[in-house]
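K.L.:
Could you have a look at this structure, given as structure tokens, before my questions?
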Amino acid sequence: MDDKNISTLIKKGLLGLLSAEEQQQLDSYLNERPQMKEEFQSFRDSIPENYERYKQYKGERIENVLKDYKKRHIRKMAIYIVSTAACLALLFALAVGWYQDYNRTEPPVLSADVQQTIIMSKQSHRQDAVITTVTNEEEYKDIIDIDEEEGLNANALLNSYKVTTYHDKEFWLTLDDGTVVHLNNDTRLIYPQKFGSKKREVYLEGEAYFAVARNSHRPFIVHTPHGSVIEHGTEFNINTKNEEDETVVVLVDGCVSVKSNHGEERTLKPSEMAQLKSDGLSIEPVDVEPYVAWNTGTFDFRDVSLEKIMDVLSRWHGKKVVFKSEELRHHTFYGHIRRYDQLEPALKAIMATTNIRITLEGDTIEVSE
Amino acid sequence: MITNTKDEIRIINQWDNDSLQLLYDDYFKALTFYADRILNSRVEAEDVVQDVFLSVWQAEKDFPSIAMLRSYLYHSVRNQCLNRLKKRKLETVRLEDTQIGHTNISDELGEDELQMEEAIRQVFQAIDALPANQRRVLMLAMQGNSTSEIAESMNIAVGTVKKHKARAIQKLRDQLMPEAFLFLTFFVQ
């Protein structure tokens, strides 16, 4: 059966215009091709609906397509920034219009630095995350210990969203109340579609920078494996992942209190850092810069071991690390590295300050004398 | 619309704006429909197809025949769609009618699939070319409405319905069936 003939039979078949003999011919052709038969039948049975869809596509003169092409791609980026602000403004308007004062939320203002960082992150293809809906316990068991959390029952979390970033991606996210959360790599956050009227609660494992929408009647609470952070309109950084198995909270601006898993709660002031561990809670004043520099696109290393630096860089760039000599691990460094730069210039920058050789061989970073 | 072999020869031999326009007019919607079924997103599908046309235009490749060009277009669209599917992680997928989506996307874009897509493209293009009333009657009939039901919903006489339907079918036959022999030979390799 030649192509031309079959093509005609298919078309006739789709439109219901086959004679009995033609129907037989087509049937025997399709019976040998089950997948094609399936496609054919599903189309034939829904031509009007499919046509409805088809006719919506707008064609344009090709020159316009070319002109539009460049404009469209730049516009996309601007829309992201504009809509963050617009979205916050809208939420604010809704809050004022529809709710009583428990819902008066003042959205955070993103600094020019942060907005710039968002753009750079998108340009470097670093903005990416997986968002899923929490449908069962499996999905949050690793982040939240139900028994530890008082008053939490499994159902409360159903239909929340879980955002996960991979080892080499980050993600900016705006929550229902206007709070902007910047997730670093390897991080997971669970948050509800809509916050409740008494509290705004999220669950974090990893590292995130929160710019919380101000609302004195609804505290914003971040639960972590080691405790929770309660605050009322502020900017702070939480890191639940580091060697010491603790959660580190650094307050940039505003007012928070931190509460350990065994109930001890203390207030944190700006430029203070709290360490929540399994055996207690401690607070000390710090320079916040190295803890929050990542939020504006920089790795800030202050007296950090080469081992730790390589760990951070290798994950961010998706490479392995090999130390040719163990004692090299303990060399410490001060410096900045831009997050959106390529790996090799960064390695060169580190090498410029020392005799150590750090090179990229294929998939692996090699550190040697 | 590509209506004769002269147009086709032009497209293959002379890569200018007009030939690109002809190609675009003929294939844009069908390719978008194809991409939309894979991606379940009209906006993304339109993006993909624009991008593919752009790259075809910029590459200025040589194609020995329309059939090869068509195959290239569908393969490119499909590849871009698959790339987007891989990148696309946000699971806020709108649940569209299941009849619209692809049931499964096999690894290879086979000849059978290409043939199916081309048949669909021609059928839709022919339906597009019908006068509005004839098209409306035809679609209603295909949805299982009886002549009197159609007459009632379109507020016309039963006789008019029959007339529209007959004319629609005749037009479709004329456009799609191989009496126009010369027209179709070019589509066959």
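K.L.:
What residue among A:249, A:297, A:203 has its Cα farthest toward the positive end of the dipole of the stretch A:203-301, where the charges are +1 on Lys, Arg and -1 on Asp, Glu, each on the Cβ?
P.N.:
Selected residue: A:203.
K.L.:
For the stretch A:193-236, what is the relative contact order in percent, using Cα pairs closer than 8 Å and at least 6 residues apart in sequence?
P.N.:
Answer for the stretch A:193-236 is 40 percent.
K.L.:
Between the stretch A:285-309 and the stretch A:310-369, what's the alpha-carbon centroid distance in Å?
P.N.:
15 Å
K.L.:
Then there is this: Using θ = phi - 60° and the Karplus curve 6.51 cos²θ - 1.76 cosθ + 1.60, what whole-Hz ³J(HN,Hα) does each residue of the stretch A:165-170 get, with Gly and Pro shown as x?
P.N.:
9, 7, 5, 10, 9, 9
K.L.:
Mind checking the full-extension length gain between residue A:22 and residue A:159? Use 0.36 nm per residue of separation minus the Cα-Cα distance, one decimal, nm.
P.N.:
So the chain would gain 44.1 nm between residue A:22 and residue A:159.
K.L.:
Turning to a different aspect of this structure: Using the beta-carbon distance between residue A:33 and residue B:173 and R0 = 25 Å, what value does 1/(1 + (r/R0)^6) give for FRET efficiency, to the nearest 0.05?
P.N.:
0.50
K.L.:
Let me make sure I get this right: for the stretch A:228-281, a, b and c are the square roots of the gyration tensor eigenvalues over alpha carbons, sorted descending. Under 1.5 in a/c it's rounded, otherwise prolate if a/b > b/c, else oblate. Which is it?
P.N.:
The shape class here is oblate.
K.L.:
With a sphere of radius 13 Å drawn around the Cβ of residue B:159, what net charge do the other residues whose Cβ falls strictly inside it have (Lys, Arg +1; Asp, Glu -1)?
P.N.:
Spelling it out: positives minus negatives among the neighbours equals +4.
K.L.:
Turning to a different aspect of this structure: Could you go through the stretch A:282-298 in sequence order and give the Karplus-derived ³J(HN,Hα) for each residue, using 6.51 cos²θ - 1.76 cosθ + 1.60 with θ = phi - 60°, rounded to whole Hz, and x for Gly and Pro?
P.N.:
With coefficients 6.51, -1.76 and 1.60, one gets 9, 10, 8, x, 9, 7, 6, 2, x, 7, 10, 4, 4, 5, 10, x, 10 Hz.
K.L.:
Here is a further query. Distance in nm between label sites at residue A:366 and residue B:82, each 7 Å beyond Cα in the beta-carbon direction?
P.N.:
3.6 nm
K.L.:
Additional query: Within 10 Å of each candidate Cβ there may be at most 13 other Cβ atoms; applying that plus a DSSP loop requirement, which GluC sites (Glu not before Pro) in the stretch A:182-277 survive?
P.N.:
A:243, A:244, A:264
K.L.:
Do any trypsin sites (Lys or Arg not before Pro) in the stretch A:170-208 lie in a DSSP loop with no more than 14 other beta carbon atoms within 10 Å, and if so, which?
P.N.:
Filter output for the stretch A:170-208: A:194, A:198, A:199.
K.L.:
For residue B:153 and residue B:75 in one chain, what is 0.36 nm times their gap in residues minus the Cα-Cα distance, to one decimal in nm?
P.N.:
So the extension gain works out to 23.9 nm.
K.L.:
So, one more: Quote to one decimal, in nm, the extra length available between residue A:278 and residue A:343 on full extension: 0.36 nm per residue of separation minus the C-alpha distance between them.
P.N.:
So the extension gain works out to 19.8 nm.
K.L.:
Starting from the Cα of residue A:353, step 7 Å toward the Cβ, then list every residue of the stretch A:271-302 with an amide N under 13 Å from that point.
P.N.:
Residues A:299-302 fall inside that zone.
Every read-out reported here was derived from the displayed coordinates using simple, explicitly stated rules and does not represent laboratory data. Model, not experiment: these values are computed from the prediction. Don't worry about glycine lacking a Cβ; one is built from the backbone with ideal geometry, like all the others, and counts go over all protein chains shown.
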